[in-house]
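Below: one structure, written as structure tokens.
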Amino acid sequence: MVTTNATTIDEYIAGFPDNIQQILNQIRATIKEAAPEAQEAIKYAMPTFVLNGNLVHFAAFKNHIGFYPAPVGIEAFKEQLSGYKGAKGSVQFPLDKPMPLKLITDIVKFRVKEALAQAKKKK
């Protein structure tokens, strides 16, 4: 799996086996639906959605999908995320369990509201 040189999310996803590609495509579609105005990018060698700054990142690893909605996104959903491993700004969704797409949607929508509010403050 060589994905560090990917310049698009399509290239990134193509670097993984089919079963992982399916999961990554599901997550990508879920984020797109929750944040239709966000732009796609690769940042920190990870698929990233940008809306007035980085909105969320995600990445595939050997045993999990890393999801990075910033510390504020983790904090706001602390209870729902309590069953997963994680850190200040990240959570790990195990590959051997169904992806919590509804939870991902809720977190992304929260981050969109936050990004739009921050953009208004700057104006």
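Read-outs: derived from the displayed coordinates by stated rules, not from any lab. What you see is a predicted model, and the numbers here were worked out from it, not measured in a lab. When we count neighbours, we look across all protein chains shown, and the Cβ atoms used for this are built from the backbone with ideal geometry, even at glycine.
Values as computed for the structure displayed
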{"read-out": "Taking D18, D106 and counting other C-beta atoms within 10 Å, the order from fewest to most", "value": "D18, D106"}
{"read-out": "Neighbour-count order for R111, R28, fewest beta carbons within 10 angstrom listed first", "value": "R28, R111"}
{"read-out": "Cα-Cα P(r), segment 20-77, percent of pairs per 10 Å interval", "value": "23, 57, 20, 0"}
{"read-out": "Candidates Q26, Q39, Q80, ranked by Gaussian network fluctuation over the chain, Cα under 10 Å, top entry", "value": "Q80"}
{"read-out": "Lysine pair count for the chain [Cα-Cα under 16 Å; pairs on different chains or 8 or more apart]", "value": "12"}
{"read-out": "Size-normalised alpha-carbon gyration radius of segment 9-122, reference 2.2 N^0.38 Å", "value": "1.00"}
{"read-out": "Using θ = phi - 60° and Karplus 6.51 cos²θ - 1.76 cosθ + 1.60, couplings along segment 70-78 (whole Hz; Gly, Pro as x)", "value": "6, x, 5, x, 5, 4, 5, 10, 3"}
{"read-out": "Proximal charge balance of N63 [Cβ under 14 Å; K/R count +1, D/E count -1]", "value": "+2"}
{"read-out": "Assigned charges on the beta-carbon of Lys, Arg, Asp, Glu; the chain dipole about Cα centre (debye)", "value": "560"}
{"read-out": "Segment 92-98 - phi-based ³J(HN,Hα) in whole Hz, Karplus 6.51/-1.76/1.60, Gly and Pro as x", "value": "10, 9, x, 5, 8, 10, x"}
{"read-out": "Relative contact order, percent, segment 9-122 [alpha-carbon distance under 8 Å, six or more residues apart]", "value": "24"}
{"read-out": "Formal net charge of residues neighbouring F77 (Cβ-Cβ distance under 15 Å; K, R +1; D, E -1)", "value": "+3"}
{"read-out": "Between 0 and 90°, nearest 10: helix 18-34 axis offset from the chain longest Cα axis", "value": "10"}
